[in-house]
Every structure is written in C-alpha cells, then in structure tokens.
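The values are calculated or read from the model by the stated rules, or taken from the named source; none is laboratory data. Quick caveat: nothing in here was measured; it's all calculated off a predicted structure. Neighbour counts run over all protein chains shown; Cβ positions are idealised from the backbone, glycine included. The protein model used for the area step is the full one, side chains on, heavy atoms only, and it has no ligands, DNA or RNA in it. Shrake-Rupley method; radii C 1.70, N 1.55, O 1.52, S 1.80 Å.
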Amino acid sequence: PAALRNAGPILEVLRAHLPAAGAGGGGPGAEMLEVASGTGQHAAHFGAALPGARFQPSELSAEAFPSISAWSEGLANVAEPVQLDAAAAPAEWPVAGRRFDVVLCCNLTHISPWESTQGLLRGAGAVLGAGGKLLLYGPFAVDGEPTTESNAAFDRSLRERDPRWGYRDVADVCREAEDQLLFLLEQRHMPANNFTLVFERRAA
C-alpha cells in the first residue's frame, strides 16, 4: 500500500528532472536504473506513466524477480530485473559499463547498513553520465535529528532491530555524494514526512 501511495508524488519529481536527461519533456529516450525495486510496483507505475523512458529494475535477492516481472507484464519499456547489491564495488554491478540518465532508489538508506548508502553513491557516480540525476526517496534526519517525533520513534525501532540501520543525515549523504561528483540540486519535502534528494552528476 505504501508503494502505491507514494508513487504519484515520486513521479512528479521524476517528471521535473527527466526533461534534461531525455530528448524532450517527460524524459523520452531517458535510461533509468532503479536500485532496490522491491515488489516492482514503482517500476510498473513509472514505466506506464513514462512510455518513452526505459527502466532497468534491480534487487538484492532474485526472490523478488517474479513480483517485479509480474507488475511490469506488458510494459515493453521495463526490462527484466537484475541482481544488484548496492554495497558492491561499481565494477561488480551487473550494469557496469552502461550509462544511465537517472538512478532512482526508494526506501533503502534507512533499512540497510551505511555501507549500502556509500556503495549506492559510488555506483551511481559510476553509471551516471555528466548531468545525470540520482533520486533518493525516503526518511532522512536533518541536522542530526529525525524531523518529527513519529520519525524519531521509527528510527529508534530500526536501530533496535539492527544497530547498523537508521535514518541517515542529509548532510552526511551529501558529503559522501560529493566525493562521487554528485551534488545536491533539490531537497523536496514529500508526504508522510519523507524527502526526495535529487543529485546531479557533474563532469570531472
């Protein structure tokens, strides 16, 4: 249900940033990589809404592949999913050597070790061309604190489940991103106290 609720607002952010990547408004010709596709609902929603763009879903576990493929059945612009560990070195990503206009990752940074976020930023820096965009959606801390009491409670519950999990501070993510020539363009407030962070890959 959460994926269905937030798909619309995330699509608005995609639409705002795809024109620069594709050949015209709405991202025609844009190549998109989704890291951590989950059930595949987002890939299907965005693929249907942006038929001119091409989407490459991915997940850590191949167990998710049947769901991703089922959601995208009949969508010629959504490729079969590939197995991708965000924490792996960029050379080990199954899409190494390809160039993407957009890398999208939703709800990964807070339910994985910090090393996964670091790896995601390294990998995005490697597969994005100059001017490409990285979009990170989810809950984040600002100035070291979650932005609401409900977010603080959720952050505590995550850390109790796994001490390596928890909300990442926007400033920490930005510092790591800049090492990969990814610079923050927009920090957009989203429903349910979430954010979308939009980074642009600069030329070396």
- Query: From the Cα gyration tensor of region 124-204, with a ≥ b ≥ c the square roots of its eigenvalues, which class applies: rounded if a/c is under 1.5, or else prolate if a/b is larger than b/c, or else oblate?
  - Reply: prolate
- Item | Helix-derived mean residue ellipticity, 222 nm - over the chain, DSSP H n ≥ 4, -39500 (n - 2.57), to 500 | -10500 deg cm²/dmol
- Protection-proxy order for peptides 121-134, 30-43, each taking the mean of Cβ atoms within 10 Å per residue, highest first: 30-43, 121-134
- Task: Leaving ligands, DNA and RNA out of it, rank ILE111, ILE68 by accessible area with a 1.4 Å probe, largest first.
- Result: ILE111, ILE68
- Query: Which loop-located GluC sites (Glu not before Pro) does region 46-79 contain, where loop means any DSSP state but H, G, I, E or B and the Cβ has at most 11 other Cβ atoms within 10 Å?
  - Reply: GLU73
- Task: Determine the gain in length on full extension of the stretch ALA152-TRP114; use 0.36 nm per residue of separation and subtract their C-alpha separation, reporting nm with one decimal.
- Result: 11.9 nm
- Task: Report, to the nearest whole %, how much of the accessible area of the chain belongs to carbon and sulfur atoms, 1.4 Å probe, protein only.
- Result: 53
- Task: Any chance you could give the angle, 0 to 90 degrees and rounded to 10, that helix 149-161 forms with the longest Cα principal axis of the chain?
- Result: 90
- Query: Taking the simple approach of a point 7 Å from Cα along Cα-to-Cβ for both ALA88 and ASP172, what is their distance in nm?
  - Reply: 2.5
- Query: To the nearest 20 debye, what charge dipole does the chain have about its Cα centre, counting +1 at the Cβ of each Lys and Arg and -1 at the Cβ of each Asp and Glu?
  - Reply: 400
- Return a whole-number percent for the relative contact order of region 63-204, with Cα pairs under 8 Å and 6 or more residues apart as the contact set. 24
- Message: What distance in nm lies between label points placed 7 Å from Cα along the C-beta direction at ALA192 and ALA48?
- Response: 1.8
- Around SER112, which amide H atoms from residues at least 5 apart in sequence, or from another chain, sit under 5 Å from its own amide H, with H modelled in the peptide plane? GLY166
- Only one of the values [x] 45, 38, 35; [y] 42, 39, 31; [z] 48, 46, 36 was calculated from this structure for Cα extents along the principal axes in Å; name its label. [y]
- Local electrostatic count at LYS133 - Lys and Arg +1, Asp and Glu -1, tallied over other residues with Cβ under 9 Å: -1
- C-alpha long axis of helix 170-179 to longest principal axis of the chain, angle in °: 50
- Message: Rounded to the nearest 5, what % of DSSP beta bridges with both residues in the chain are antiparallel?
- Response: 50
- Accessible area per residue in Å² at 1.4 Å probe, computed on the chain: 44
- In a shell of Cβ-Cβ distance under 14 Å around GLU31, excluding GLU31 itself, what net charge do Lys and Arg (+1) and Asp and Glu (-1) give? +3
- Among TRP165, ALA152, GLN187, which residue has its Cα positioned farthest towards the positive end of the charge dipole of region 143-204, with +1 placed on the Cβ of Lys and Arg, -1 on the Cβ of Asp and Glu, and the dipole taken about the Cα centre? TRP165
- Task: Report the net charge of residues surrounding GLY47, where surrounding means a beta-carbon distance below 12 angstrom and charges are Lys +1, Arg +1, Asp -1, Glu -1.
- Result: -1
- Query: Once Rh for region 83-173 is found with the Kirkwood sum over Cα pairs, what is the Stokes-Einstein diffusion coefficient at 20 °C and 1.002 mPa s, in µm²/s?
  - Reply: 154
- Message: What distance in nm separates the two pseudo spin-label positions at ALA76 and VAL142, each 7 Å out from Cα along the beta-carbon direction?
- Response: 4.4
